[in-house]
Amino acid sequence: MQNIFIPSKNRVENASLLKYAHENNFIVNVVIEPQDEEKYKIKYPNFNYIILPQDNGGITFVRNYIKQYTINKGLQNYWQLDDDITGLFYREGTKLIRSDFNALHQAQEYFLNNKIQLGALEYRQFAWSATKPHIENSFCDTCVFMDNTTTKHLQYRPYLEGKEDRDFAMQIIKDGQKTARITLYAFSNPANGSNAGGLKEIFYDLGKEEQCVNRMVETWGEDICTPIIKENGRKDVKINWNKINNTQISLF
């Protein structure tokens with residue numbers, strides 16, 4: 001598959017997905033900042049590299065850059081994968097079996113056949129117990145499929161950086177389109193903010209999650225977004241996905 005894009009920042013030594021792709025001779029598109037170019041190309045010389053026009057632009061800048069890049073290249077759809085994914089799987093009953101990038105190909109066919117505009121693989125810890133093939137109109141992150149043919153007019157919003165994936169899924173739903181996490185295929189990855197590089201030092205270590213939560217409530221309203229504190233002490237927001245299309249709000 002030539003439509004896999006993996007943004008990576010300061011993780012040349014611990015990007016588990018890049019290491020896996022390199023060891024198995026998969027050619028992927030790695031999106032990096034100019035300051036990281038030399039060390040990534042030394043470590044992984046066989047990947048296709050897309051060099052961003054600036055350093056430290058933030059994750060929404062990168063997400064939007066990839067989206068516009070694929071549109072300019074005429075790609076009708078693409079995958080955007082976090083660089084610290086540690087495994088891909090397919091499900092048989094309640095058993096998860098390790099897979100490779102073919103899982104993305106199978107999931108993509110499912111999304112296209114079911115007219116899903118924004119899709120994702122399910123988290124491994126939830127996929128095994130799933131009772132239906134997909135979960136509709138909820139969040140999609142980490143291992144994401146994007147249909148460019150219907151989402152060209154939507155962008156990730158810098159104001160909500162840190163919750164940009166949640167917000168983008170909400171924009172899709174508000175626009176009358178469909179999101180889905182497929183439970184027939186899954187991924188595993190470290191907990192948010194636990195892996196050096198990426199957003200750890202520039203977001204999680206600086207305690208910016210509370211600001212994100214407040215901005216989500218401000219943007220979408222308290223009836224849709226409720227601030228919560230998780231068992232591990234992280235500040236987060238609970239989203240009432242069923243109310244997104246039932247409340248008149250302005251997206252912009």
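List of remarks:
- Residue in segment 120-127 that is of a type in the set (Phe, Trp, Tyr) and either touching a helix residue (DSSP H, G or I) at 6+ places or on another chain (Cβ under 9 Å) or within 18 Å of residue 186 (Cβ to Cβ) (or both) present: yes
- With respect to the conditions (1) over 24 Å from residue 119 (Cα atoms); (2) free of Cβ contacts under 8 Å to residues at least 24 places away in the same chain, residue 22 lacks only one, and its number is (2).
Conditions tested, residue by residue: (1) touching a residue at least 60 places away in the same chain (Cβ under 8 Å); (2) touching a Lys or Arg at 6+ places or on another chain (Cβ under 6 Å); (3) within 28 Å of residue 178 (Cβ to Cβ).
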position: 3; (1), (2), (3): yes, no, yes
position: 26; (1), (2), (3): yes, no, no
position: 84; (1), (2), (3): yes, no, yes
position: 92; (1), (2), (3): no, no, yes
position: 99; (1), (2), (3): yes, no, yes
position: 105; (1), (2), (3): yes, no, yes
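- Residue in segment 107-128 that is on the phi > 0 side of the Ramachandran plot, exposed (fewer than 14 other Cβ atoms within 10 Å of the Cβ) and basic (Lys, Arg) present: yes
- Qualifying residues in segment 1-38 (those that are β-branched (Val, Ile, Thr) and more than 15 Å from the chain's Cα centre (by Cα)) - the one surrounded by the fewest Cβ atoms within 10 Å (Cβ to Cβ): 27
- Residue count for segment 224-243 satisfying the condition of being part of a loop (DSSP other than H, G, I, E, B) and modelled with pLDDT under 95: 5.
- Entry remark, segment 94-113: residues being out of contact with any strand residue (DSSP E or B) (no Cβ under 9 Å at 6 or more places or on another chain) and more than 13 Å from residue 147 (Cα to Cα) number 3 in total.
- Residue count for segment 161-185, restricted to those that are hydrophobic (A, V, I, L, M, F, W, C), surrounded by fewer than 22 Cβ atoms within 10 Å (Cβ to Cβ) and within 18 Å of residue 238 (Cα to Cα): 1
- Residue list for segment 19-35, restricted to those being part of a loop (DSSP other than H, G, I, E, B) and either in contact with a strand residue (DSSP E or B) (Cβ under 9 Å, 6 or more places away or on another chain) or of a type outside the set (S, T, N, Q) (or both): 26, 27, 28, 33
- Against the test of being at pLDDT below 95 and charged (D, E, K, R), the options 122, 13 yield a single qualifying residue, 13.
- Residue 54 passes every criterion in (1) buried (at least 16 other Cβ atoms within 10 Å of the Cβ); (2) free of Cβ contacts under 8 Å to residues at least 60 places away in the same chain; (3) under 23 Å from residue 146 (Cβ atoms) apart from (1).
The values are calculated or read from the model by the stated rules, or taken from the named source; none is laboratory data. Here the structure is a predicted model, which is why all the values come from computation and not from measurement. Cβ coordinates were reconstructed from backbone atoms using ideal geometry, including for glycine residues, and neighbour counts include every protein chain displayed.
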